[in-house]
Amino acid sequence: QVQLVESGGGSVQAGGSLRLSCEASERTSVGWYRQTAGKEREFVSAINSHGGSTRYVESVKGRFTISRDNVKNTVYLQMDKLKPEDTAVYYCSRMSSTLNIRLGYWGQGTQVTVSS
């Protein structure tokens, strides 16, 4: 079972930036999801194991960038121009190579809070 650990959350003012990290126990396609209280977890972005294919939800296009370092088996989510509506707990998860199916278990998540 691939193990994934999220880190990098925090508090920032609107317009600011944060970078989340997802360290994996082995190379795999990875997706980022987020969840706020009372809402379902939503897909944010994903990247395949080689880094050649990415996906983004429309609401973060042009503001978030997903990337990976395969030496460190770590996937990053660079979040710029943050908005209060980006406030959520962010989770990473293993994905299928086609980036449309989530696999495996959820990690503990990392909190992102954006104040106006």
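Filtering segment 14-39 to residues that are of a type outside the set (A, V, I, L, M) and within 19 Å of residue 114 (Cα to Cα) leaves 15, 16, 17, 19, 21, 32, 33, 34, 35, 36, 38, 39. Here the condition is being part of a strand (DSSP E or B), of a type outside the set (A, V, I, L, M) and in contact with a Lys or Arg (Cβ under 6 Å, 6 or more places away or on another chain); of 21, 93, it holds for 93 alone.
Taken over segment 40-49, the criterion of being open to solvent by 30 Å² or more (accessible area, probe 1.4 Å) and within 16 Å of residue 112 (Cα to Cα) is satisfied by 41, 42, 43.
The set of residues from segment 38-50 being under 15 Å from residue 92 (Cβ atoms) and either outside any strand (DSSP E or B) or of a type in the set (A, V, I, L, M) (or both) comprises 41, 44, 46, 47, 48, 49. Residues in segment 61-82 that are open to solvent by less than 40 Å² (accessible area, probe 1.4 Å), under 24 Å from residue 105 (Cα atoms) and not in a strand (DSSP E or B): 73 alone.
Out of curiosity, is residue 88 touching a Ser or Thr at 6+ places or on another chain (Cβ under 8 Å), closer than 20 Å to residue 113 by Cα, open to solvent by less than 70 Å² (accessible area, probe 1.4 Å) and of a type in the set (Gly, Ala, Ser)? So residue 88 fits the description; yes. Scanning segment 5-35 for residues that are open to solvent by 60 Å² or more (accessible area, probe 1.4 Å) and closer than 19 Å to residue 54 by Cα, we see that the one that is nearest to the chain's Cα centre (by Cα) is 19. Would you mind stating whether residue 57 is hydrophobic (A, V, I, L, M, F, W, C) and under 10 Å from the mean Cα position of the chain (by Cα)? When the stated conditions are applied, residue 57 does not pass them.
Candidates 52, 104: the one that is small (Gly, Ala, Ser) and open to solvent by less than 50 Å² (accessible area, probe 1.4 Å) is 104.
If you check residue 74 against the conditions, is it within 14 Å of the chain's Cα centre (by Cα) and β-branched (Val, Ile, Thr)? The answer is yes for residue 74.
The values are calculated or read from the model by the stated rules, or taken from the named source; none is laboratory data. This structure is a prediction, so every number in the text was calculated from the model and none was measured. Cβ atoms come from the backbone with ideal geometry, glycine included; neighbour counts cover every protein chain shown. These accessible areas exclude ligands, DNA and RNA; they are computed on the full protein's heavy atoms, side chains included. Shrake-Rupley method; radii C 1.70, N 1.55, O 1.52, S 1.80 Å.
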